[in-house]
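Values quoted throughout were computed directly from the atomic coordinates according to the rules given, and no laboratory measurement underlies them. None of these values were measured; they are calculated from a predicted model. When we count neighbours, we look across all protein chains shown, and the Cβ atoms used for this are built from the backbone with ideal geometry, even at glycine.
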Amino acid sequence: MKPKLLLAAGALGVASLIAVGGVSSASADTDYIAKYGIKADVPGMCSYSSIDAKDYTGHEITILTHAVPVMGEPAALHSKQFAELTGGTVNVVHAPFGELYQKVMIPFQTGQHVYDVVYGGSYWIGDWAPHLAPVPQKYLDLAEMKDATAAYQGVASWRGERLQYTVDGDRHYFKYVRPPFEDAENQAKFKAQYGRDLEVPTTWEEYAEVATFFNGWDWDGDGELEYGSTEIVQRDNIAFSNFITRVAAYAKNPNVTGGFWFDLDTMTPQVNNPGFVKGLEMWMAALEYMPPGGINFGIAEEIFSWGGGQSLMSVTWDDAFIQAMQEDSPIRNKILVGTKYGASMGSNKVWNRVTNKWDEFETPSVAPYVAWGWGAGVSKYSQEQEMAFDWFCFFSNYANTNHDLLIGRFGVNPFRTSHMDPAYWEKEAGWNNDVAVSYTNMLKSMDTSTNRVFDLRVPGVNQYYTAMMASVSKAMAGEMSAQAALDEVAAEWSRITERIGVDVVREAYKNVVALEDNVPLSAVK
Amino acid sequence: MIDSRYKHIFLFPALLVLVAIIIFPLIYTVRLSFSGWDINRPGLDSVGWANYARALVDGGFWNSMGTLYQMVFFCVLFEYTLGFGLALLLWKQVKAGRFFRLLFIIPMCVTPVVMAVVWKTIFHETLGPLNDILNWFGIAGVPWLSEATPAFISIVLVDVWQWTSLMFILLLAGLMSLPKEPYEAAQIDGAGPIRTFVHVTFPLMAPITIGALVIRLIESSKLMETIYAMTSAGPGSATETTSYLLYIRSLREFQIGYTASLSMIYLVILIIALALFAKLLSRALIGRSEART
């Protein structure tokens, strides 16, 4: 072939390749959307196209996650996608929540490398910290990671180092069915009975009155009895979170820093102070306005009960709310969240553990509980850390998270600043504007609060919580008074602290105090 | 001598399995019980008798033992009584006897956790069918899982429902192996069905009874999954058995060393209790029938 012709043919061939490549890029982007059901492949290091460019053929990771569906289903889904895109092998092992802790800790403590990625409660970070690989800087620099709110970046950190990859954010907040409050007949009856207007409650005392009023009759005309409140009360079924929600308003004082669970200076447990006792007494009384069997309600029963319209109010996780906003829910778009003062019920009186007196507040003091949420990390013993972190990167990329947030059963809840834009929920989830605004305002209020409550994220946390709920549940069952139960807890907590080491627990608890008071760790003395 | 050598060679694999799955874990647990292995201190260090000293004053542990033994007593009593009754009903040739035998052993074949979840749904106080059925008959709903006594009864009920089948099989097999001659003699003597049962059947069944009771006592003392699925040991501590407590202490709280000591105490008490029970029952049943003859 003549040189000029050869050159022309070559140029044409190259041009064709470029053209084909260009068409392929556009097709590839469309393919991801069509094939994987996402709205758009947001460009970045974690995008579908970026991960597709990686080649993990011959590499394998094992993920330990929760049972399907909560976290287990999105983990399985995105693992399958990741494997298809990269050629790597991703094994997903599911375990019920009650078994996750030991399934993670036994390999960690015995030095066996079993899992590359582990999921669990983020409050276990005190126990997991020695065994997790820090998140590399290149992932911390990602837009997705920087978009995580300060609270959830803090939850994923330990001693200033990010050890958990932020994939979820949880909280406890007040949620209620709106129409009964707006019904004129209900308003008249309530006023006649209680001498005040029927309003959305802002304190636990008001909550009790409203719940009692709406307890045990058919206020929605469906032929079934409804009740005042549904909460998670069953012992050892994460009821500790509802206990925290109940006591926070009475025991977390905005005038007092340096510890909600312990006095940081002396490491004296605070769990039996009058604030905690008052909260527990109110919770014991609350059984009267819960559905029959309420004392035995776990999270599944709560989601089903409140999400199905069996009760008027609840102060628990996101899951019940997201479930109630699904397309087929009978109360979709009829629910709101938060009060005019914050995310949860407040109190006009809060115990001051420094002055040993009750402080009075004209406006109810609210202490929102930034509940633990799902924590996940890469084992430092993993031989495939890069693949594991890329898996996380992919799992929580914008496309996947935006998809997962809308499916209640997936258990992925808002944790980014971008999730706190009401427009997202209106556009993507079809929520009414007032619901979306109510929800996102509640999310924002928790993130900026300087009077928050977090879990006791210290080594041996399960010992503390199990001891706490063993006694609290006895009080709930009427076996002992609230004071006696919490005295029992305080005594056991002191013994646990002695066993683990006072200084060990104190150093760990400083991390929690930093989160509670919303200050840098260095500011906690 | 060659025979003896071959005998030992053939026994060796079984011995190896025995050591691997019973002897070694037992010895390891004993060793663990003298260590302080927990969430902060993994490894086999030595803390002497500290774990055992702590166990002696652990009120939760001893309460759980009390709850366990009460539950076991009622479970085994009802399972034995019902199992024996069903076995007697199907002992002789009855219409569709094979069908009923199959029906009665089905509960035993279902995974305990699955059954516990099903029963939890049945006991659900607002959404479960049981209270609805009671209401149809004008009986108020029962707080099956939310009050101490009904929760205790519910656990016993589920255990009895599931494991009466085992008693039924063991006792039916025993009945079928009884000799005919004593019955012929009783018939000749003009004994009715009750006297025949009291003086012939029950005494002859003594060895089977002892075996079945001991087996069932051992198994029911491990009662855990039903409680885990239905009540989480609540309300309060009403249904907290030792197995449940050991599970929480070891795998939730990661107090491995301490839980090993609790396990050893529990094992020793169980062995002593069972040995005493078997001996007393033997004397009561077999001793008496021998005296009669």
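Among B:Ile23, B:Ile153, A:Ile299, which comes first, then next, by fewest other beta-carbon atoms within 10 Å?
B:Ile23, B:Ile153, A:Ile299
Could you give the spread of the C-alpha atoms of the protein assembly as shown along their three principal axes, from largest to smallest, in whole angstroms?
So the three principal-axis extents are 115, 95, 60 Å.
Give the average, rounded to an integer, of partner chain Cβ atoms located within 10 angstrom of each Cβ in B:225-235. Could you put the intermediate results ahead of the total?
On the way: counts 0, 0, 0, 2, 0, 2, 6, 10, 5, 14, 12.
For peptide B:225-235, the averaged partner shielding equals 5.
Rounded to the nearest 10 degrees, what's the angle between the helix A:204-213 long axis and the longest principal axis of chain A, both from Cα atoms, 0 to 90?
Its long axis makes an angle of about 80 degrees.
Hey, can you list the DSSP H helices of chain B whose Cα span along the axis is 15 Å or longer and whose average Kyte-Doolittle score is at least 1.6?
B:112-123, B:148-176, B:256-282
Which chymotrypsin sites (Phe, Trp or Tyr not before Pro) in the range B:27-64 pass both tests, a DSSP loop state and at most 14 other beta-carbon atoms within 10 Å?
B:Trp49
Taking the Cα centre as origin and putting +1 on Lys and Arg beta-carbons and -1 on Asp and Glu beta-carbons, what dipole magnitude results for the protein assembly as shown, to the nearest 20 debye?
Once rounded to the nearest 20, the dipole reads 2460 debye.
Could you quote the convex hull projected area for the range A:392-492, Cα atoms only and averaged over all directions, in nm²?
9.9
What is the fewest-to-most order of B:Thr259, B:Thr231, A:Thr266, A:Thr257 by other Cβ atoms lying within 10 Å of their Cβ?
Fewest-to-most Cβ neighbours within 10 Å comes out as A:Thr266, A:Thr257, B:Thr259, B:Thr231.
Please state the charge dipole magnitude for the range B:59-292, taken about the Cα centre, from unit charges on C-beta atoms (+1 on K and R, -1 on D and E), reported in debye and rounded to the nearest 20.
In debye, rounded to 20, the range B:59-292 gives about 580.
Enumerate cysteines in the protein assembly as shown without a disulfide-compatible partner, where compatibility requires another Cys Cβ under 4.7 angstrom.
Unpaired cysteines in the protein assembly as shown: B:Cys75, B:Cys109.
222 nm [θ] for chain A, helices only, -39500 (n - 2.57) per DSSP H run of 4+, per residue, to 500?
-14500 deg cm²/dmol
Report the chymotrypsin sites (Phe, Trp or Tyr not before Pro) located in the range B:65-164 that are in a DSSP loop and have at most 13 other Cβ atoms inside 10 Å of their Cβ, or state none. Don't skip to the answer; put the middle values down first.
Values: sites: B:Tyr69, B:Phe73, B:Phe74, B:Phe78, B:Tyr80, B:Phe84, B:Trp91, B:Phe99, B:Phe100, B:Phe104, B:Trp119, B:Phe123, B:Trp136, B:Phe137, B:Trp144, B:Phe152, B:Trp161, B:Trp163; in loops: B:Phe137, B:Trp144.
Here the sparse-neighbourhood loop sites are B:Phe137.
With labels modelled as points extended 7 Å from the Cα through the Cβ direction, what inter-label distance (nm, one decimal) is found for A:Lys146 paired with A:Asp421?
Those two pseudo-labels are separated by 1.6 nm.
If all Cα-Cα distances of the range B:59-292 are sorted into 10 Å bins from 0 onward, what percent lands in each bin, rounded to whole numbers?
7, 26, 30, 22, 12, 3, 0
Out of A:Asn433, B:Leu82, B:Ser250, whose Cα points farthest toward the positive end of the dipole of the protein assembly as shown (charges: +1 Lys, Arg; -1 Asp, Glu; placed on Cβ)?
Farthest towards the positive end: B:Leu82.
Against the longest alpha carbon principal axis of chain A, how many degrees, from 0 to 90 and to the nearest 10, is the axis of helix A:72-86 turned?
Once rounded, one gets 10 degrees.
Going from the alpha-carbon gyration tensor of the range A:459-525, what semi-axes, largest first and in whole Å, does one get by taking the root of 5 times each eigenvalue?
Numbers: eigenvalues 151, 40, 16 Å².
That gives 27, 14, 9 Å for the three semi-axes.
Among all the lysines, which ones have a C-alpha under 29 Å from B:Lys180's C-alpha, if same-chain residues fewer than 8 places away are not counted?
Here the lysines satisfying the reach criterion relative to B:Lys180 are B:Lys92, B:Lys95, B:Lys279.
Counting only other chains, and only Cβ atoms inside 10 Å, what mean value do you get across the residues of B:144-153?
Average per residue, whole number: 3.
Holding the Cα-Cα limit at 28 Å, pick out from A:Lys349/A:Lys444; A:Lys474/B:Lys120; A:Lys146/A:Lys510; A:Lys175/A:Lys349; A:Lys349/A:Lys474; A:Lys103/A:Lys444 the pairs that are longer than that.
A:Lys103/A:Lys444
Taking neighbour counts of Cβ atoms within 10 Å as a proxy for exposure, in what order, fewest first, do A:Arg416, A:Arg499 appear?
A:Arg499, A:Arg416
Compute the semi-axes of the equivalent ellipsoid of the range B:14-104, taking the square root of 5 times each eigenvalue of the Cα gyration tensor, and list them largest first in whole Å.
Those come to 45, 22, 10 Å.
Starting from the Kirkwood Rh over alpha-carbon pairs, what translational D in µm² s⁻¹ does the range B:178-293 have by Stokes-Einstein at 20 °C and 1.002 mPa s?
Answer from the Stokes-Einstein relation: 122 µm²/s.
Can you classify the range A:295-378 as rounded, prolate or oblate using the Cα gyration tensor, where a ≥ b ≥ c are the square roots of its eigenvalues, rounded means a/c under 1.5, and otherwise it's prolate if a/b beats b/c and oblate if not?
prolate
Give me the compactness ratio for the range A:28-171, meaning the Cα radius of gyration over 2.2 N^0.38 Å.
1.09
If you take every DSSP beta bridge whose two residues both sit in the protein assembly as shown, what share of them, in percent to the nearest 5, is antiparallel?
Close to 65 percent.
Could you give log10 I(q)/I(0) at q = 0.14, 0.15, 0.19, 0.22 Å⁻¹ for the range A:164-290, computed by the Debye formula over C-alpha point scatterers of equal weight, without solvent?
-0.76, -0.85, -1.14, -1.33
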